[in-house]
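Every number in this text was worked out from the coordinates using simple rules, so none of it is lab data. Computed from a predicted structure; not experimentally measured. No Cβ is skipped: glycine too gets one built from the backbone with ideal geometry, and neighbour counts run over all protein chains shown.
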Amino acid sequence: MVSRVIPVDPFDLVIFGGTGDLARRKILPGLFRRFCSGQMPAEARIIGAARSDLDADGYRTMVADAIAEFGGKTLAECGQLPAFLEALDYVMIDARGDQGWAELKTKIRANVITAYYFSVGPGLFGDIAKRLNSWDIADADSRIVVEKPFGRDLASAKELNASLAAEFDETQIYRIDHYLGKETVQNLMAIRFGNLLFEPLWNAQYIDHIQISVAESVGVGGRGAYYDKSGAMRDMVQNHLMQLLCLIAMEPPSKFDPDAVRDEKLKVIRALQPVAPHEMVRGQYGPDGDDPSYREDAGDARSFTESYVALKTQIANWRWSGVPFYLRTGKRLKARTSEIAVVFKELPHSIFEESGDQTQNVLAIQLQPNEGITLDVTIKEPGPGGMRLAHVPLDMTFAETLGDDAEEAPDAYERLIMDVIRGNQTLFMRGDEVEAAWAWTDPIIESWVDRHDVPKVYEPGSTGPEDALALLHRDGRKWRDLAP
Ligand code: NAD
C-alpha cells in the first residue's frame, strides 16, 4: 500500500510545560515524526513555554537531546532534525503571573491555526486558560489541549470543566486520552461499523462476556508518592478502560462525527450499573527479593491505595442486558499487555460428538505491546485422523496485512495532535463524558473508604490477587492469559 500522508495546515502550537517529562518523552518526538513524514508543514511553529530559563537555542538543544533519547531509530535516520529545530521557539513564562505573556503574544501569527497544549499539572489549567484570553492571545478558533488527570472526582472535574468553559467553548477544548489515539482502537470502530459481519452478533444474544485488561510489568517506581494519591481506579479505569468499554459497547452513531460518536459513548457511561463490593478486588504488589513492595515505592507503610483493581460491571440497556464486562488493570504483573476480548457464547448444539474440546469464538483486540486483532475460530485439524477440531486465530495484525504502512503508523500522541490541528474532536473526551465517568467512579472509591477496604497483597510477576480469579470463577468463567 502507498502511504497517504496529507499535510495539515500551517499552525502555531504552544506547549505549556514544553520542558517537562511528557513533552520530552512523547509530544516533541511525536511532532518530529510527523515532520519527517511530511505531515507537519515547514511553515508550522512550535513554541515551548515553561518555567525554565532558556532561550530559543537552549530549547532547541533540549529538544534535540529529547529526540535522541526518546525518538527511536527511525527518527535518528530521518535526517531532517535541523529543519525541525528551526521551527522551534521558546518563551519563559509563569502560568500564575505576568512573566512571558506579552512576549508569547508577539510570537503568535495571525492567519494560522493556533493550538495551546496544557502539558502541565491540572492546577494550572484555569490560570493558563484565563491568561490566554486576558492577554488577548487566543481567538475564537484557537484550540486548547488538556492532559490527564482530568480531576480526581466528580466535584474537581466539574470545577476544571467550569474553569475552561469560562474561557473557551467546548468545541475548542481537546481532552486527551491517548488510548483513543491508538491505531487499533480506531480500527475497532472500523471493524464494528465498516463490516456487516460483526454488528448483528454484537449483543447479549451472542456475546457471553467482555474482558478488558491493561497490565503493566513495572511498578510505580519513582512516581510512587504521586501515584499513591490516585491509584489504579483513578489513574486507569476512570479514563482509559472506560473509553475502551465505551467503544466496544456503544450503539452505532448515525455518522462518524465527533458529537455523534461522543453522544453514544456518553449513553454507555450513563447506563453503567453501580459495582457491588463483592464484584471488585483491589490489590497492592508485595516485595520481590530486593525489589520494593508497593508500599515501599509509595513511601507509606500504611498506604491503602490500590496498584491493581479488577471489577465486574454491567450495562443496563437492551443490547447488553446480562452481559458482564470484566475490567482489570495493575502494575508489576506477569506481562505488559493490553487487550480487549469479546468472548462469544458457546454453540447451542455441537454436531461433532467426539471431536474434543468445544471452544468459544473470541475477538481479541491487542493494544500493546503489539497492536493487532485476532478472531479465534474452530476449523478441522488438517490431515487424516477423522473429524478432529482445532482452534486457530485468524490474524488481522496490521504489520502483516498492511505492510510498510503499519510500521509508519503514527503513535497515539502524534495522531491526536494532528487531529487537534485538523479540528477533529472525535477522539477526545467531551466534558459531560468525563463527568459521567466520575459519577460512576466516585461511589466505588467512596465505598472503599467507608469500608476501610485493605488492598490484597499480590505477588509481583503474577496475574494479580487470588480474589480476582474468583471474581470470574464464581460466574463459571476465567480470565484470559496475560501473554505479552
Ligand atoms: P513535569 O513536572 O515533568 O513538567 C511540568 C512542566 O510544567 C515543566 O515544563 C514546567 O516548567 C512547567 N511548569 C510548572 N509550573 C509552571 C508555571 N507556574 N508556569 C509555567 N510553567 C510551569 O510534568 P509532566 O510529567 O510533563 O506532566 C505534565 C502533565 O501531563 C501533568 O498533568 C501530568 O499528569 C500529565 N501526564 C504526564 C504523563 C507523563 O508521561 N509524564 C503522562 C500522562 C499525563
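Could you check how many percent of all C-alpha pairs in the range 180-473 are farther apart than 31 Å?
Numbers: 14873 of 43071 pairs.
Within the range 180-473, distances greater than 31 Å cover 35 percent of Cα pairs.
Under a model in which nothing but the beta-carbon of Lys, Arg (+1) and Asp, Glu (-1) is charged, the chain shows a dipole of about 540 debye around its Cα centre. Applied to the range 184-189, the Karplus parametrisation 6.51 cos²θ - 1.76 cosθ + 1.60 on θ = phi - 60° returns per-residue 3J(HN,Hα) values of 5, 5, 6, 5, 4, 5 Hz, with x for Gly and Pro. From the largest down, the range 11-147 spans 43, 29, 25 angstrom on the principal axes of its Cα atoms.
Would you mind ranking I379, I421, I46 by Cβ crowding within 10 Å, fewest neighbours first?
The fewest-first ordering by Cβ neighbours comes to I379, I421, I46.
Taking θ as phi - 60° and the Karplus parameters 6.51, -1.76 and 1.60, the scalar couplings of the range 412-428 work out to 3, 5, 5, 4, 5, 5, 5, 5, 4, 5, 6, x, 10, 8, 3, 9, 10 Hz in sequence order, x denoting glycine and proline.
Nearest 20 debye, what's the magnitude of the dipole of the range 11-147 about its Cα centre given +1 on Lys and Arg Cβ and -1 on Asp and Glu Cβ? Write out the running numbers ahead of the final one.
Working: 16 positive and 19 negative charges, 75 e Å.
That gives a dipole near 360 debye.
Rounded to the nearest 500, what is the 222 nm mean residue ellipticity of the chain from helices alone, with -39500 (n - 2.57) per DSSP H run of 4+ residues and division by all residues?
Details: 17 runs with 157 residues, N = 484.
For the chain, the value works out to -9000 deg cm²/dmol.
Close amide H contacts of R175 (hydrogens built in the peptide plane, cut-off under 5 Å, sequence separation of 5 or more or a different chain): V146, M429.
Sequentially through the range 472-483, phi angles give Karplus couplings (6.51, -1.76, 1.60; θ = phi - 60°) of 8, 3, 4, 8, x, 10, 9, 5, 6, 4, 8, 8 Hz, Gly and Pro residues having no value and appearing as x. Annotation: amide H-H contacts under 5 Å for V377 (H modelled 1.01 Å from N, sequence separation of 5 or more, or interchain): V392, L394.
Of K267/K478; K182/K267; K26/K148; K107/K130; K345/K478, which sit over 20 Å apart, Cα to Cα?
Numbers: K267/K478 28 Å; K182/K267 22 Å; K26/K148 14 Å; K107/K130 18 Å; K345/K478 14 Å.
Exceeds cut-off: K267/K478; K182/K267.
Taking every alpha-carbon pair within the range 267-354, the share separated by more than 15 Å comes to 72 percent.
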